[in-house]
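To keep things clear, I will list the structure first and then write my remarks on it.
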């Protein structure tokens, strides 16, 4: 079970899932100012099948489920803060879903650069390819094509 | 811009997106007890590229952005209600994303049946295929295979 919601003060992390064949599927990158968790597991207190891994030495603040509930009970003003946070997360996830289903690789990569400008310098290329749902070779071609345009 | 969050009292609706070639990509079905909206557009008050369509005669309650903000200002207790709602939505969207990227068609369809038991009797098969990201022909094969197992 994922019993923490982690806030990244410094560093970079990823969340991933293992598919039926044991291949990693990257769900999210998180850098400074982002929260990272398996929200379904955390809130419904059910087992998690998502892994969280730091990619750099990280400075992290975190809340466990019980502490968060106590905080919200004693200071209900935080409800709004967390609602806005979950909304932003939902908006990113919804956008990711649309990109995954409906957009060509070039557009996916440009959207990725726009959303995560610092990531390409910080993580291995094949992680980005995994996030975009394309092969590392295809990502190289997309980047070469982009380099020619700029 | 999507300026409403709609709650379905009775009926069935879908949200969809048009890809680069003008093809529909179904993002969500919603039946009794579900909320439907373009959350990014609603909360960030930016243009929407998601369409909402009723598939049956619906009875709907809805909140516009201004009314919702007034409600939350006057009755901050609703912050918790809406946070829990967005969390559930995020959990569904995250699961959908994992299914789309990492699961074979049979598993996706079983997960779909589990989550939306009443939908197959209520909407055209090609809508379900679109939601699952597979062709209508392939969905027929999956269903035929399932029928043999039961």
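Inclusion of residue A:97 among residues that are at pLDDT 85 or above and within 14 Å of chain B (Cβ to nearest Cβ) is warranted. In this structure, residue B:112 qualifies as assigned to a helix (DSSP H, G or I) and within 25 Å of residue B:6 (Cβ to Cβ). Contact map, segment B:105-118: first residue loosely packed, with under 13 Cβ neighbours inside 10 Å, second residue outside any helix (DSSP H, G or I), Cβ cut-off under 9 Å, separation 6 or more or different chains; pairs are B:118/B:12; B:118/B:31; B:118/B:32. Only one of the numbered conditions (1) crowded, with 19+ Cβ neighbours inside 10 Å; (2) under 17 Å from the mean Cα position of the chain (by Cα) is not met by residue B:56, and that is (1). Restricted to strands (runs of 3 or more DSSP E) entirely inside segment B:10-89, those with at least 2 residues that are in contact (Cβ under 8 Å) with a residue 40 or more places away in the chain, within 12 Å of chain A (Cβ to nearest Cβ) and in contact with a strand residue (DSSP E or B) (Cβ under 8 Å, 6 or more places away or on another chain) are B:24-30. Against the conditions (1) in a helix (DSSP H, G or I); (2) surrounded by fewer than 19 Cβ atoms within 10 Å (Cβ to Cβ), residue B:134 satisfies every one except (1).
The values are calculated or read from the model by the stated rules, or taken from the named source; none is laboratory data. Keep in mind that this is a model prediction, so the values were computed, not measured. Counting neighbours? That spans all protein chains shown, and the Cβs are built from the backbone with ideal geometry, glycine included.
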